[in-house]
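I have placed the structure first, in the form of structure tokens, so that the comments after it can refer back to it.
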Amino acid sequence: MHNTTLIHAERAVPRYTSYPTAPHFTGAIRAGAHADWLAVLPAQASVSLYLHVPFCPALCFYCGCTTKATRRAEPVAAYAERLEREIDLVAARIGGRSVTHIAWGGGTPSLLGPATLRRLGERLAEGFQLDHLAEYAFELDPRETDEPLADALAAMGVDRVSLGVQDFSAHVQRAIGRIQPFATVERAMRLLREAGISSINLDLMYGLPHQSERDIRRTTQLATLLAPERLALFGYAHVPWMRANQKMIDEAALPGAAERLDQSEAAREVLLANGYVAIGLDHFARADDPLARAAASGQLRRNFQGYTADQADVLIGMGASAISRFPQGFTQNAPDAGSYMRAIDDGGFATVRGVAFTAQDRQRGALIERLMCDLEVDLDPSTLADAAPRLADLAADGLITLEGRHVAMTAGGRPFVRLAAAALDHRLQSQNAARHSAAV
């Protein structure tokens, strides 16, 4: 493998699930802006809802999510009460709008329990118009999945579930603090299918401690035997300065840049050989899946949950750390559950930071999203002039082609699409404080 390719693989750049990226959010955007942006939302605007539950039974060593460990029922119940109030706050301002997508994430949102989930699901149905709901998604830990939970999710209308697998190898599972045999995932999928949930996607991960190319190839092959509709293949992002639980990871056991590239390619080969279509940077789906159809038609989108077919005008995030996307900018709730609940108790929104879009943000954000989704984009003259030196370096190393205003990832450059996006990021060029994860 060429040394310059490895250098590119180790470069730290954003994941570009938003633009501007989260390090550019500031405290200048608070609850007042969130309320104002809700108030001026057009009546015909379509809405997507995201609900965050920041609790897990235990913290996995690799996890980069905003969550904390608890086995006590009281804090979870208290949080659910505040989440219900926030649903009411939002519904009071934009209730009646057509909701096209709902997603629950965490953490482990199933910790709320079947009865509470049903109650909150009913609250959403009372507050919003769900007749045109295209997808109702829910993140699940296979180890916490049982028949009552599967039945509750189906009763809520959930039609897609995401299960975290990461790796099926026992020695890798020990190294990341998540013991989860193949049979556990298989049982969870069976329960969900029997409950009538029609779409399941599995999350896999490469770059984990003590993980080899053989491990990820075997894991991917086993995952395909379960016949999920979608799979995501994420590179482990080792950011212990941001996530203290990752300090439990033995850094000496982490694969290097060359090994990570080989692992990514090995998993990709298995998925393509088993009939899955590659989507964007790290997703795969059956050819008839809505995500694959969106990609084929140029309608793929990217948000904080990754790649999506969601075409909603607005994304409203509820719960601690949840991010909302408005036409005017992004807002984010208080990241810790305590601060979030105190804000809700005070009768207002829990927004603590965000960013208002500039004209250049909108322009660059649209270009970056299309490049991340389509792996190619036509640049306007001003962006091309600004980004040309950085793009030329990538072109010289065979990662992109640059023909006039058209930028396209090469086959070998696909894993490096975040680097090409970074070349278009006018904010990144002046940013020196934030630390990001490796490009591959």
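The values are calculated or read from the model by the stated rules, or taken from the named source; none is laboratory data. Everything numeric in this text was worked out from a predicted model, so none of it was measured. Because the Cβ atoms are built from the backbone with ideal geometry, glycine has one as well, and the counts that use them run over all protein chains shown.
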Any chance Arg414 is under 29 Å from Glu269 (Cα atoms), touching a residue at least 12 places away in the same chain (Cβ under 8 Å) and either basic (Lys, Arg) or outside the structural domain of Leu300 (by TED's automatic domain parsing) (or both)
yes
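Taking the conditions exactly as written (part of a helix (DSSP H, G or I), out of contact with any Pro (no Cβ under 7 Å at 6 or more places or on another chain), without any contact (Cβ under 8 Å) to a residue 12 or more places away in the chain and not small (Gly, Ala, Ser)), does Asp36 satisfy them or not? Can you show your working first?
Working: part of a helix (DSSP H, G or I): yes; out of contact with any Pro (no Cβ under 7 Å at 6 or more places or on another chain): yes; without any contact (Cβ under 8 Å) to a residue 12 or more places away in the chain: yes; not small (Gly, Ala, Ser): yes.
For Asp36, the condition - part of a helix (DSSP H, G or I), out of contact with any Pro (no Cβ under 7 Å at 6 or more places or on another chain), without any contact (Cβ under 8 Å) to a residue 12 or more places away in the chain and not small (Gly, Ala, Ser) - is met.
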Of the residues in the stretch 92-144 that are over 24 Å from the mean Cα position of the chain (by Cα), assigned to a loop (DSSP other than H, G, I, E, B) and charged (D, E, K, R), the one that is nearest to Ala154 (Cα to Cα) is Asp131
Here the qualifying pairs (Cβ atoms under 9 Å; residues six or more apart or on different chains; first in the stretch 220-242 and closer than 14 Å to Met189 by Cα and in the same structural domain as Cys65 (by TED's automatic domain parsing); second of a type in the set (Gly, Ala, Ser) and surrounded by fewer than 17 Cβ atoms within 10 Å (Cβ to Cβ)) come out as Thr224/Ala273; Thr224/Gly275; Glu229/Ser198
Filter the stretch 146-168 for residues that are crowded, with 19+ Cβ neighbours inside 10 Å and more than 21 Å from the chain's Cα centre (by Cα); the one that is nearest to Ser46 (Cα to Cα) is Met156
Would the stretch 287-305 turn up any residue that is touching a Lys or Arg at 6+ places or on another chain (Cβ under 7 Å), assigned to a loop (DSSP other than H, G, I, E, B) and crowded, with 16+ Cβ neighbours inside 10 Å? yes
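Determine which member of the set Ser169, Ser110, Ser162, Ser98 is of a type in the set (S, T, N, Q) and more than 24 Å from Glu229 (Cα to Cα).
Working: Ser169 fails: more than 24 Å from Glu229 (Cα to Cα); Ser110 fails: more than 24 Å from Glu229 (Cα to Cα); Ser162 fails: more than 24 Å from Glu229 (Cα to Cα).
Unique residue meeting the criteria: Ser98.
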Worksheet item: Taking Glu135, is it surrounded by fewer than 17 Cβ atoms within 10 Å (Cβ to Cβ) and either without any contact (Cβ under 8 Å) to a residue 12 or more places away in the chain or under 29 Å from Ala183 (Cβ atoms) (or both)?
Response: no
Pairing a residue in the stretch 196-215 that is at pLDDT below 95 with any residue that is acidic (Asp, Glu), where Cβ atoms lie under 9 Å and the two sit 6 or more apart in sequence or on different chains, gives Ser198/Asp159; Ser198/Glu229
The condition from (1) closer than 30 Å to Asp289 by Cα; (2) surrounded by fewer than 16 Cβ atoms within 10 Å (Cβ to Cβ) that Asp346 misses is numbered (1)
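Going by the structure shown, is Thr331 among the polar types (S, T, N, Q), within 26 Å of Ile94 (Cβ to Cβ) and touching a helix residue (DSSP H, G or I) at 6+ places or on another chain (Cβ under 9 Å)? Steps first, please.
Details: among the polar types (S, T, N, Q): yes; within 26 Å of Ile94 (Cβ to Cβ): yes; touching a helix residue (DSSP H, G or I) at 6+ places or on another chain (Cβ under 9 Å): yes.
It is true that Thr331 is among the polar types (S, T, N, Q), within 26 Å of Ile94 (Cβ to Cβ) and touching a helix residue (DSSP H, G or I) at 6+ places or on another chain (Cβ under 9 Å).
Can you tell me which residue among Gly106, Gly96 is in contact with a helix residue (DSSP H, G or I) (Cβ under 9 Å, 6 or more places away or on another chain), at pLDDT below 95 and closer than 18 Å to Leu315 by Cβ? Working first, answer last.
Working: Gly106 fails: in contact with a helix residue (DSSP H, G or I) (Cβ under 9 Å, 6 or more places away or on another chain).
Going through Gly106, Gly96 in turn, the sole match is Gly96.
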